[in-house]
Amino acid sequence: MREYLVEGIKKIGLKYTDKKIDNLIKYLEYLVAYNKHTNLTAIRDTKDAIEKHFLDSLLLQNLLDEKNGTKAIDIGTGAGFPGMVLAIFNPNIEFVLMDSVGKKTTFLQNVKELLNLENVTVVNSRAEDYINDSNRESFDIGLCRGVNKLNVILEYMIPFIKVEGHFLAQKMAGTEEEGEATNALETLGAKIVKIHRYKLPNYGDERLVVEILKEKSTDKKYPRRAGVALKKPL
Ligand SMILES: C[S@@+](CC[C@H](N)C(=O)[O-])C[C@H]1O[C@@H](n2cnc3c(N)ncnc32)[C@H](O)[C@@H]1O
């Protein structure tokens with residue numbers, strides 16, 4: 001499995017160290033074992049987990065390098081995708097990994113301790129409840145995969161992002177949610193800069209990353225109280 005992971009990382013064109021690979025493998029083994037008694041992810045096959053969770057998360061690495069940020073937040077990280085994988089790969093970036101489900105954040109806290117990851121803070125909360133005056137507009141990079149439609153996750157994410165910071169939203173190909181997100185982007189002070197198309201290195205499935213730039217400060221009335229973005233998207 002180590003070779004399969006390393007081959008995929010080479011195909012994406014990333015530099016790596018043995019320490020980073022060791023940590024990714026420890027995390028993978030812990031995930032596979034934990035998932036047998038606590039349901040964290042529907043992907044149970046180890047090879048599928050490498051491809052669809054680990055390598056899929058690493059598809060963001062080249063963009064992350066370009067952005068040069070020092071603080072990142074992953075909203076709805078689940079079992080740590082993409083945030084935990086990228087935290088292992090980027091010890092120089094501070095990551096907040098947030099999820100509203102306690103069994104997922106308990107697992108992530110265990111991974112943090114197992115791997116001694118000083119750059120990771122695990123938060124058990126909904127995004128709408130976690131925001132406050134000190135963390136508002138304080139992150140350079142936002143990450144979010146598989147949580148909801150773009151017009152919903154924009155309201156969770158953009159208030160956390162600094163002006164001139166970026167939200168790198170991972171989407172499956174074919175969802176085409178950008179059209180529905182025009183009002184949310186304008187209301188929150190952001191715009192789509194580019195849609196990047198990638199392929200999973202071994203399986204070849206297409207993946208999108210919507211690169212969003214925050215241009216203006218967001219009105220403090222956003223996000224609206226928990227659940228409203230989902231029920232009545234901007
Ligand atoms: C489908 S899972 C995706 C998990 C992970 N990002 C992945 O791609 O494997 C969506 C996750 O988002 C979390 N979530 C949904 N709404 C949220 C919110 N408002 N704030 C924080 N987490 C949320 C859920 O608890 C769930 O773990």
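The table below lists the values:
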{"read-out": "Residue match in the range 201-214 (condition: under 18 Å from Lys67 (Cβ atoms) and either in contact with a Pro (Cβ under 8 Å, 6 or more places away or on another chain) or in a helix (DSSP H, G or I) (or both))", "value": "no"}
{"read-out": "Residue match in the range 39-51 (condition: more than 23 Å from Tyr203 (Cα to Cα), within 13 Å of the ligand (Cβ to nearest atom) and surrounded by fewer than 19 Cβ atoms within 10 Å (Cβ to Cβ))", "value": "yes"}
{"read-out": "Residue in the range 117-148 that is farthest from Lys104 (Cα to Cα), counting only those that are among the hydroxyl-bearing types (Ser, Thr, Tyr) and within 12 Å of the ligand (Cβ to nearest atom)", "value": "Tyr130"}
{"read-out": "Filtered residue count, the range 111-137, keeping only those that are under 30 Å from Lys26 (Cβ atoms) and part of a loop (DSSP other than H, G, I, E, B)", "value": "7"}
{"read-out": "Filter result for Asp99 (acidic (Asp, Glu) and within 12 Å of the ligand (Cβ to nearest atom))", "value": "yes"}
{"read-out": "Search result, residues across the range 66-96 that are within 16 Å of the ligand (Cβ to nearest atom), closer than 15 Å to Ile161 by Cβ and either modelled with pLDDT under 95 or among the aliphatic types (A, V, I, L, M) (or both)", "value": "Ala72, Ile73, Ile75, Val96"}
{"read-out": "Top-ranked residue in the range 149-180 [being under 24 Å from Lys71 (Cβ atoms) and over 18 Å from the mean Cα position of the chain (by Cα); ranked as farthest from the ligand (Cβ to nearest atom)]", "value": "Glu164"}
{"read-out": "Residues of the range 1-44 classified as charged (D, E, K, R) and closer than 24 Å to Gly102 by Cα, total", "value": "4"}
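The values are calculated or read from the model by the stated rules, or taken from the named source; none is laboratory data. In this text the structure is predicted, and so the values were computed from the model without any measurement. Virtual Cβ from ideal backbone geometry, glycine too; neighbours counted across all protein chains shown.
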